Amino acid sequence: MKETPLSNCERRFLLRAIEEKKRLDGRQTYDYRNIKISFGTDYGCCIVELGKTRVLGQVSCELVSPKLNRATEGILFFNLELSQMAAPAFEPGRQSDLLVKLNRLLERCLRNSKCIDTESLCVVAGEKVWQIRVDLHLLNHDGNIIDAASIAAIVALCHFRRPDVSVQGDEVTLYTLEERDPVPLSIHHMPICVSFAFFQQGTYLLVDPNEREERVMDGLLVIAMNKHREICTIQSSGGIMLLKDQVLRCSKIAGVKVAEITELIQKALENDQKVRKEGGKFGFAESIANQRITTFRMEKAPVDTSDVEEKAEEIISEAEPPSEVVSKPVLWTPGTAQIGEGIENSWGDLEDSEKEDENEGGSDEAIILDSIKMDTGEVSNIGSQDAPIVLSDSEEEEMIILEPDKNPKKIRTQTISATQVKAPSKKPVKKRKKKRAAN
């Protein structure tokens with residue numbers, strides 16, 4: 001799977017930020033990302049985190065026959081693997097040009113610089129020597145693989161302990177960890193790689209480029225150096241022309257960075273050795289705080305709170321004073337209050353469908369009311385004027401009639417339904433018809 005290329009907008013944005021001496025993660029031009037070193041339960045196993053770039057280092061050993069031309073020297077072997085877990089662009093089972101270049105650079109940095117005493121790895125001259133194998137696995141790729149890999153390799157070698165052996169005649173006895181304490185490797189110095197990215201044909205320089213900065217860079221300069229300011233190897237790639245002053249300035253910066261990283265490595269090794277001697281807990285699981293999932297955890301940024309009060313006073317003094325008019329709450333109904341004008345009330349607004357239903361219902365109600373008025377008119381004409389007639393479902397009820405200049409009196413009235421009122425009006429009509437027929 002090919003990596004997603006940067007768009008022209010992203011490329012211009014990155015280059016413009018570099019011209020203004022700004023970086024996406026807030027670092028300065030010569031700043032390194034945070035380095036974290038954690039050790040496993042076994043000797044020679046470690047994980048190095050350079051920002052979000054993570055490399056796992058594992059050292060192993062075995063007794064083998066030496067090379068013919070170097071019968072009294074041990075064998076060092078380095079292997080770096082780029083898996084798809086680190087980045088989708090890495091293809092499994094295939095050595096890319098980047099992987100070959102990184103492996104060769106590691107071998108020149110660590111093996112050719114004679115940082116490890118290979119003669120101390122000889123057990124029987126010409127017959128048995130130790131073969132030290134360093135396996136590096138890239139767990140996450142966020143730029144500057146070579147720096148993280150070189151730190152992981154040298155940390156794993158310093159942390160490794162090989163089994164002790166004894167030679168009696170032709171017999172070679174190998175002791176386990178329980179029988180004898182393991183023996184550390186003899187390390188002369190610790191070479192560490194420092195990468196410099198150049199932009200605009202060497203006009204701008206960045207230390208420890210991340211993955212996005214590597215995509216837009218024009219060239220890369222890698223300097224491997226130890227804390228004694230001895231250059232172990234140097235490599236330039238990208239086809240850019242560098243001046244002598246630029247290389248010297250990079251070497252001075254590399255000397256400062258290597259001294260800081262070497263001190264950090266020594267402190268991490270001392271802390272791990274102290275914990276193991278005291279019998280405390282150690283390993284990768286102990287390096288995670290409270291064994292919590294840290295996938296979405298963000299690094300804490302230091303905040304300067306020394307002059308907070310002064311800044312607050314400045315903000316208050318520059319701000320506009322609050323208005324003297326304070327709106328009073330309006331009580332519409334008990335339990336509610338309104339402060340300010342607010343928005344118009346939309347509870348009473350009806351939708352179009354509801355308005356049509358209401359119009360239809362209103363016409364029906366008007367017809368019913370007209371019929372009721374006609375019935376009540378007939379009843380009022382037939383009934384007497386003194387006894388008021390009230391239409392109701394109940395047979396009897398008490399009513400209070402309010403009349404002017406009189407005290408209210410309770411009158412018990414008998415309600416007459418519409419059917420009972422209409423009945424007597426029909427009987428006289430029938431009698432009149434009979435009388436007319438007789439005449």
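Within segment 171-191, the set of residues being open to solvent by 50 Å² or more (accessible area, probe 1.4 Å) and without any contact (Cβ under 8 Å) to a residue 40 or more places away in the chain comprises Glu171, Thr173, Thr176, Leu177, Glu178, Glu179, Arg180, Asp181, Pro184. Contact map, segment 97-111: residues that are under 22 Å from Ile187 (Cα atoms) paired with residues that are modelled with pLDDT under 90 and open to solvent by 20 Å² or more (accessible area, probe 1.4 Å), Cβ distance under 7 Å, separation 6+ or inter-chain. No pairs are found. If you check Gly219 against the conditions, is it touching a Phe, Trp or Tyr at 6+ places or on another chain (Cβ under 6 Å) and under 24 Å from Glu19 (Cα atoms)? In short, yes.
Residues in segment 223-233 include none that are over 30 Å from Ile132 (Cα atoms), surrounded by fewer than 17 Cβ atoms within 10 Å (Cβ to Cβ) and touching a residue at least 24 places away in the same chain (Cβ under 8 Å).
Residues in segment 51-62 that are out of contact with any strand residue (DSSP E or B) (no Cβ under 6 Å at 6 or more places or on another chain) and hydrophobic (A, V, I, L, M, F, W, C): there are none.
Residue count for segment 38-55 satisfying the condition of being open to solvent by 40 Å² or more (accessible area, probe 1.4 Å) and either of a type in the set (Phe, Trp, Tyr) or touching a helix residue (DSSP H, G or I) at 6+ places or on another chain (Cβ under 9 Å) (or both): 5. Does Cys109 qualify as being open to solvent by 10 Å² or more (accessible area, probe 1.4 Å) and either among the β-branched types (Val, Ile, Thr) or on the phi < 0 side of the Ramachandran plot (or both)? Spelling it out, it is not the case that Cys109 is open to solvent by 10 Å² or more (accessible area, probe 1.4 Å) and either among the β-branched types (Val, Ile, Thr) or on the phi < 0 side of the Ramachandran plot (or both).
There is no residue in segment 17-37 that is among the acidic types (Asp, Glu) and buried (at least 18 other Cβ atoms within 10 Å of the Cβ).
Asp181 meets the conditions (1) touching a strand residue (DSSP E or B) at 6+ places or on another chain (Cβ under 6 Å); (2) closer than 30 Å to Ala125 by Cβ in every case but one. The failed one is (1). Glu73 - would you say it is under 28 Å from Ala87 (Cβ atoms) and surrounded by 13 or more Cβ atoms within 10 Å (Cβ to Cβ)? No: the conditions fail for Glu73. Evaluate the following for Val194: is it open to solvent by 10 Å² or more (accessible area, probe 1.4 Å) and either more than 38 Å from the chain's Cα centre (by Cα) or not basic (Lys, Arg) (or both)? So Val194 fails the test.
Could you say whether any residue in segment 117-124 is among the small types (Gly, Ala, Ser), more than 30 Å from Val207 (Cα to Cα) and open to solvent by 10 Å² or more (accessible area, probe 1.4 Å)? Yes, there is a match, as at least one residue in segment 117-124 is among the small types (Gly, Ala, Ser), more than 30 Å from Val207 (Cα to Cα) and open to solvent by 10 Å² or more (accessible area, probe 1.4 Å). Where strands (runs of 3 or more DSSP E) fall entirely within segment 1-92, those with at least 3 residues that are under 28 Å from the mean Cα position of the chain (by Cα) are at 35-39, 45-50, 53-64. The single condition among (1) in contact with a Ser or Thr (Cβ under 9 Å, 6 or more places away or on another chain); (2) on the phi < 0 side of the Ramachandran plot; (3) outside any strand (DSSP E or B) that Gly126 does not satisfy is (2). Residue-level check: of (1) open to solvent by 50 Å² or more (accessible area, probe 1.4 Å); (2) under 19 Å from Thr262 (Cα atoms), Phe160 misses just (1).
The values are calculated or read from the model by the stated rules, or taken from the named source; none is laboratory data. Computed from a predicted structure; not experimentally measured. Cβ sites come from the backbone with ideal geometry, for glycine too, and all protein chains shown count toward neighbours. Surface accessibility is based on the protein's heavy atoms, side chains included, excluding ligands, DNA and RNA. Shrake-Rupley method; radii C 1.70, N 1.55, O 1.52, S 1.80 Å.
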